Amino acid sequence: MSLTPHDLGMHRPISRRDLFDGVAVSALSGFVAGGAAETLQDTAAPPRPFTLRGDTSEALSVPHALRDGRFWEYAGPPEPTGESYDLVVVGAGRGGMSAAREWLRRDPHARVLVLDSHDEVGGPKSFGRQGGAEGVVVGDTLVRLSAPGWIDRLPIARSARRDLRMLHHDPPDWFPALSPAGKQERLAELTYSQFLREVCGVHPDAERFCRTMSCREWAYDTRAFGAIDAWGTGYPGFGGLGLDRAEPSRFNSPTVRRRWHGGDPPQPAPSLDGRARLRLSSPVVSVRDGAGAATVGYFDGHRVLTVEAGAVILACWSAMVPYLVPDLPAERRRALRRAVRVPLLHATVRVRDPRAWHRLGVDRVRWTDAYWSAAELAPPAEVHLLATPCRSELGPDAGSAAGRRELLRTPYGVLERTVRDQLARLLGPMGFDPAGDIEAITVNRWGHAVAPEYCRPWHAFYPDGPFPADAARGRFGRIAIAGSDSMPAARADAAGPAAVRAVAELTSVRAVEEPTSVRAVEEPT
């Protein structure tokens, strides 16, 4: 099916600036457009045909300029606002909002300020619903996995279909000479793609068919996803090993182990109900401890302003912390920079009529070879799509860095066109017309989305440690670290515990030292 830009609705006027992140700037005022906004709740802009949220050029320009050593070349001297707070939180994602809530739970009358470089609260949202019928798209063919004999309907090589039937229904014991513990150790040395290719010897089409199975949950494909976690998740190919599934392996990642025991899914960022001040589009550029208080500097779109704080919790990306707190010891700076987050894209498409999706007979689909790797209907009339830019063949860390660079250089028009094209190919046979049936597209671009998780085969120190996060976190004067990548735990699940831990570190010190409260200092009118 050949689709022209007019067929996709690309001829319609698009309300956006087609910019790349990292464009050259000649003055600091060009870093952020529009200035800082202070609000007590997230407000949504009127719908437009195409909208980019998340890591926009405006949200990234100041952090990247700080990282590259360009920010202070243009910034004037910081200007004190005269404001003082009991706590300043850097980051309005799950960790930051959880830290503010925990502080206010302990001290309901505390003055708390939350700062974030983005224009919305909460950070990357979880993708995907559990349950329901799933389909797989190979080329332009949709195969419903609930249909009897679905493997025979796949448009792949005959020997690849044979290998998939073997993996699902009759896999042998690939390691007959090894003990159960030895089999787990062997799996911990491989990715799932390596297991399929090198151990099972499957046809390349079979490996490619399985490759995007992990994208929806892990934001990278099976070339980076460990075989031991594929076994723990229930992927095909392991049934003949005879491993006991009553307990997870010691090599399984924290996420797999938690879900084995029925852990709750990650919760969204909590609401503070107006009990804290929230300043969005206000990237923090410096945090320094002092004799009487810490000083936090942030950019309001025109100048650097500073506030005083009795305590500071850094709930931002760990890799940014060394640029904000240059006085940290070198060992901690190195450990913080080792936390590499995984990029992802989440698109929300508002459709005029969802009946074309209902005719598919599935609740969600997975693509085996396309820009967007997953899609699902979100009633009543939205379609959510997920893309995982990580270069998985390089591993989670190097692949995330490479994928993030490519993502930030991808024009917005490419993101819009691929959304329209894939939905046209999926839903067009059901009567869907992207030119008339798509009302609006919102893409959340996150270059630093999923917090890293220690896992095999990439982290030889797991599960026994020591872990880089152990050296990275901990109190530094009045400053504590609470990002979800500051704990050797399960990605977003770590945000809440990290926040509680950081609050406990700081409040225990306050109780011992009995510092003078800053609550009595009023803000200027």
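Observations, loosely collected:
- Put a plus charge on the Cβ of each Lys and Arg, a minus charge on the Cβ of each Asp and Glu, and nothing anywhere else: the dipole of the range 149-243 about its Cα centre is then about 320 debye.
- Shape parameters for the chain, alpha-carbon atoms, Rg then Dmax in Å: 24.5, 76
- Where trypsin sites (Lys or Arg not before Pro) fall in DSSP loop in the range 393-429, at most 14 other Cβ within 10 Å: Arg409
- Ordering Ala335, Thr295, Ala110 by the projection of their Cα atoms onto the charge dipole of the chain, which places +1 on the Cβ of Lys and Arg and -1 on the Cβ of Asp and Glu, puts Ala335 at the extreme positive end.
- With Rh defined as the Kirkwood radius, the inverse of the mean 1/r over Cα pairs, the Rg/Rh of the range 337-482 is 1.10.
- Eigen-decomposition of the gyration tensor built on the alpha-carbon atoms of the range 427-499 gives equivalent ellipsoid semi-axes of 41, 18, 9 angstrom, largest listed first.
- Under 5 Å from the amide H of Thr191 lie the amide H atoms of Ala227, each residue being 5 or more positions distant or on a separate chain, with H modelled from the backbone and absent for Pro and chain starts.
- Using the alpha-carbon positions of the range 375-420, Rg (one decimal) and Dmax (whole number) come out as 13.4, 39 Å.
- Considering only Ile156, Gly135, Ala347, and ranking their Cα positions along the charge dipole of the chain that arises from unit charges at the beta-carbon of Lys, Arg, Asp and Glu, the one farthest toward the positive end is Ile156.
- P(r) tail, the range 232-287: Cα-Cα pairs separated by more than 17 Å, 63% of all pairs.
- Relative contact order (%) - the chain, alpha-carbon pairs under 8 angstrom, separation at least six: 24
- Amide H contacts under 5 Å for Gly483, placed H, 5+ residues apart: Cys316
- Spin-label model, Arg409 to Ala157: label points 7 Å out along the Cα-to-beta-carbon direction sit 3.3 nm apart.
- Amide H partners (placed H, <5 Å) of Val285, local residues excluded: Gly297, Tyr298, Phe299
- Taking the Cα centre of the range 287-435 as reference, the dipole from Cβ charges on Lys and Arg (+1) and Asp and Glu (-1) amounts to some 240 debye.
- For peptides 158-168, 223-233, sequence by mean Cβ density within 10 Å, most packed first: 223-233, 158-168
- Protection proxy ranking of 344-357, 65-78, 111-124 - average other beta-carbon atoms within 10 Å, highest first: 111-124, 344-357, 65-78
- Inter-centroid distance (Cα atoms) of the range 300-336 relative to the range 161-194, Å: 45
- Antiparallel content of DSSP bridges confined to the chain, in %, to 5: 60
- The packing ranking, built from the mean of other Cβ atoms within 10 Å per residue, places the peptides 190-198, 378-386 in the order 190-198, 378-386, highest first.
- Global size of the range 290-356: 19.3, 64 Å for Rg and Dmax (C-alpha atoms, Rg to one decimal, Dmax whole).
- Here the chain is treated with +1 on each Lys and Arg Cβ and -1 on each Asp and Glu Cβ, and its dipole about the Cα centre works out to around 720 debye.
- The chain, helix-only ellipticity at 222 nm - DSSP H runs n ≥ 4, -39,500 (n - 2.57), divided by all residues, nearest 500: -7500 deg cm²/dmol
- Whole-Hz Karplus values for the range 453-469 come out as 9, 5, 7, 8, x, 7, 10, 5, 6, 8, x, 8, x, x, 9, x, 5 Hz, taken residue by residue from phi with 6.51 cos²θ - 1.76 cosθ + 1.60 and θ = phi - 60°; glycine and proline positions read x.
- By the Kirkwood approach, averaging reciprocal distances over each pair of separate Cα atoms, the range 264-406 gets a hydrodynamic radius of 19.4 Å.
- HN-Hα J in Hz across the range 339-346 - Karplus 6.51, -1.76, 1.60, θ = phi - 60°, x for Gly and Pro: 7, 9, 8, 9, x, 7, 10, 10
- Scaled radius of gyration (Cα, divided by 2.2 N^0.38 Å) that the range 266-323 gives: 1.27
- Reduced Cα scattering model of the range 121-239, Debye log10 I(q)/I(0), q = 0.10, 0.12, 0.19 Å⁻¹: -0.34, -0.48, -1.11
We did not get these values from a lab; they are worked out from the coordinates using the rules stated. Values in this document were obtained by computation on a predicted structure and should not be read as measured data. For neighbour counting, all protein chains shown are included, and Cβ atoms are generated from backbone atoms with ideal geometry for every residue, glycine included.
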